[in-house]
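A short write-up of the structure that comes next.
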Amino acid sequence: MKKQDENLWAIILAGGDGIRMREYLKTNRNIDRPKQFANIIGTHSMLRHTIERAKRIVPLQRIRIVVNNQHLKYVHAEIPETERKSLIVVPCNRGTAASILLPVVQIFAQDPSACIAVFPSDHFVLEEQRFMNFVERAVDFVHRCPETVALLGIPSKDADTNYGWIEPSTSFLRYQGNRFYSVERFIEKPPAKLANTLHTKKCLWNSMVFAAQAETLLHLFRKSLPKVYHQMNLMKQLITSPGGIEKLDGQFTRLPSYGFSKTIMEPNAKHLRVIRAEGVTWSDWGNQSRVMSDLSKMAIGLQ
């Protein structure tokens, strides 16, 4: 393990409700649960695939898995006793911004030099080792340029309006043989006409997988969501004390719900760098048509 990896942590986001996919899973797969806890392909859930993927570069003791208290019956079926120290159980789903900020505060208190890789738990990745190689390159880059957030951008296959899009600049920094492009703009779920333009310009889908220094993330939250940052800071003693998160309840529930991409990434494009994750089959399985299309293309077929 590289010396710098001693400060590498991972956050896995698994607190979403997966509303868009619930009806499809229930009707077509007889599965009544959020998609991250569903076995859509093979014998493992999407969450389990994500945990195993993260463990390729981060030891379990430095992984934090953010889950929703309302989903504990699914969580305990997926997470064995030996892994439950990695769980952060929030009282409710308050969006990806709060779900990222809370573990960042906790990790930073324990390791001020922490570099953090963030993974949604409900995305499909086929070439997992190649994908994680790109994550490692992003981690290496933010050690070199700690003021930046390094994103994995996926070359677009179509003009999907349900994804976040990244328009890379022509300028880039070359580091260890990899190009990290500046970001002209970040567009969360664009309308159809704009999505077509972005696809034509060979822009990138935002995988929502990124690496950043904990200190940099805190700076961006303080700048872009000052009220949420302040409210979270008031909870800091609970967040950083053993068993304290279990007592958050009403305080966390009162937090406003924000998406990380819209409120942190989109207004801070100048802090972003993106690496093109070429040769990776990736998909955010957020709707039925995307799942069916991907499965059909991979000739897996529906059972």
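Mind checking which residues of the stretch 4-42 are crowded, with 23+ Cβ neighbours inside 10 Å and among the polar types (S, T, N, Q)? Once the filter is applied, which keeps residues that are crowded, with 23+ Cβ neighbours inside 10 Å and among the polar types (S, T, N, Q), the stretch 4-42 yields only Q36. Within the stretch 234-252, the set of residues being assigned to a helix (DSSP H, G or I) and within 18 Å of G95 (Cβ to Cβ) comprises I239, I245, D249, G250, Q251, F252. Taking the stretch 257-292 as the range and being under 17 Å from the mean Cα position of the chain (by Cα) and part of a loop (DSSP other than H, G, I, E, B) as the test, the residues that pass are S257, Y258, G259, A277, V280, T281, W285, G286. Filtering the stretch 249-298 to residues that are within 20 Å of R20 (Cα to Cα) and at pLDDT 90 or above leaves S257, Y258, G259, F260, S261, K262, W282. Meeting the requirement of 1 or more residues that are among the polar types (S, T, N, Q), the strands (runs of 3 or more DSSP E) wholly within the stretch 54-132 are 63-68. For E188, are the conditions met, namely being modelled with pLDDT under 95 and closer than 17 Å to H271 by Cα? Yes: the conditions hold for E188. Can P191 be described as surrounded by fewer than 20 Cβ atoms within 10 Å (Cβ to Cβ) and farther than 27 Å from T148 by Cα? Spelling it out, P191 is indeed surrounded by fewer than 20 Cβ atoms within 10 Å (Cβ to Cβ) and farther than 27 Å from T148 by Cα. Answer yes if at least one residue in the stretch 16-26 is closer than 25 Å to F108 by Cβ, modelled with pLDDT under 95 and either assigned to a loop (DSSP other than H, G, I, E, B) or not polar (S, T, N, Q) (or both), and no otherwise. Scanning the stretch 16-26 turns up at least one residue that is closer than 25 Å to F108 by Cβ, modelled with pLDDT under 95 and either assigned to a loop (DSSP other than H, G, I, E, B) or not polar (S, T, N, Q) (or both). Quick check on my filter: what residues within the stretch 178-225 are more than 22 Å from I12 (Cα to Cα) and of a type in the set (V, I, T)? Those that are more than 22 Å from I12 (Cα to Cα) and of a type in the set (V, I, T): V183, I187, T197, T200.
Yes or no, residue by residue, for (1) touching a Lys or Arg at 6+ places or on another chain (Cβ under 7 Å); (2) among the β-branched types (V, I, T); (3) at positive phi; (4) not in a loop (DSSP other than H, G, I, E, B):
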position	(1), (2), (3), (4)
F141	yes, no, no, yes
E147	no, no, no, no
G153	yes, no, no, yes
E167	yes, no, no, yes
S182	yes, no, no, yes
N206	no, no, no, yes
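The values are calculated or read from the model by the stated rules, or taken from the named source; none is laboratory data. What you see is a predicted model; the values in this text were computed from it and never measured. Using ideal geometry, Cβ is built from the backbone for each residue, glycine included, and neighbour counts are taken over all protein chains shown.
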